[in-house]
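Some notes on the structure that comes next.
Derivation of every value follows stated rules applied to the coordinates shown; laboratory data play no part. Remember, predicted model here, so these are calculated numbers, not experimental data. Because the Cβ atoms are built from the backbone with ideal geometry, glycine has one as well, and the counts that use them run over all protein chains shown.
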Amino acid sequence: MQIDPKLVKNQFKKSLDNYEENAIVQAIMADKLIEHLPFQYFSSVLELGCGSGLLTKKLIKKITYKKYYANDIVEKSKIYTDKILDDYVFLGGNAQRLQVNARFNLIISNAMFQWFSNLEKALLYYKGLMNKDGIIAFTTFSPDNFKEIKSLTGLTLEYKNLEEIREILSKNFEILYLENFDYTMTFDNPLAVLAHMKNTGVNALSSKLWGIKEVKDFCDRYKEAYPNLTLTYSPIIVIARLK
Ligand SMILES: C[S@@+](CC[C@H](N)C(=O)[O-])C[C@H]1O[C@@H](n2cnc3c(N)ncnc32)[C@H](O)[C@@H]1O
């Protein structure tokens, strides 16, 4: 399923204020990404899809840098990053076609690359924005992500698995760290699952509004298929160096 960036933008604009208290798995992903970075100093950093700055806050505690560029398709993100970063450049717009003259030693992004319609093309584009020996560090999700939602609604993104990502990367990058793990959350009821997805911007999977009947049908089928009310995340962590 291909996702319209405008839909993603609208959903995240609405969920920004509630995002961090619900982004439990995204926080674990950010920690892992930072933990496995090979250096603690990067002359110039480009963060893509910074959102409310969950990764930004954690990253600047761990690394030092001279220049920081933060991007998000939602311009309102700047209000958040202004409070976190002193001297930086905010680049609003689609991360797949940024207009920027700088070159970077670190391109980093948490929980955003899964929206890209063509990962290979995006990585080629970032290769062109990187300095020699530059590092690209990102997290995304495997096809097992939200398998409960996929089985009940058919809605899912075109996630790549670990081996597909390895193959795409190996053409231009030396892989330094690659990991896929599952993290299962449990909820009190199916409505709480829907609320969780809304608050983390994930309902960008569909532009269709559900009526009462569709919500009730979803809740009934969720309880029947997943009596423990689980929701499975399947993140992939990637760190690679430009060859
Ligand atoms: C799940 S949030 C992650 C936010 C943050 N990186 C974190 O660590 O929690 C995804 C973010 O990516 C942004 N985003 C989605 N597609 C984008 C695109 N094509 N270009 C730039 N930002 C995008 C959304 O607006 C949202 O802020």
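Of note:
- Considering all C-alpha pairs of the range 24-80, those separated by over 19 Å amount to 28%.
- Taken over the range 100-188, the ratio of Cα radius of gyration to 2.2 N^0.38 Å equals 1.24.
- Nearest-0.05 FRET efficiency for Leu178 and Lys132, computed from C-beta distance (R0 25 Å): 0.70
- For the range 157-193 and the range 1-57, distance of Cα centres in Å: 15 Å
- Here each label is just a point 7 Å from Cα along the line to Cβ, and for Asp17 and Lys208 those points are 3.0 nm apart.
- Cα-based shape type of the range 1-136, given that a ≥ b ≥ c are square roots of the gyration tensor eigenvalues and the cut on a/c is 1.5: rounded
- The string of couplings for the range 143-149 from the Karplus curve (6.51, -1.76, 1.60, θ = phi - 60°) is x, 7, 5, 6, 4, 5, 5 Hz, one whole number per residue in order, with x for Gly and Pro.
- Relative protection proxy for 11-18, 232-239, 182-189, from highest mean packing down: 232-239, 11-18, 182-189 (other beta-carbon atoms within 10 angstrom).
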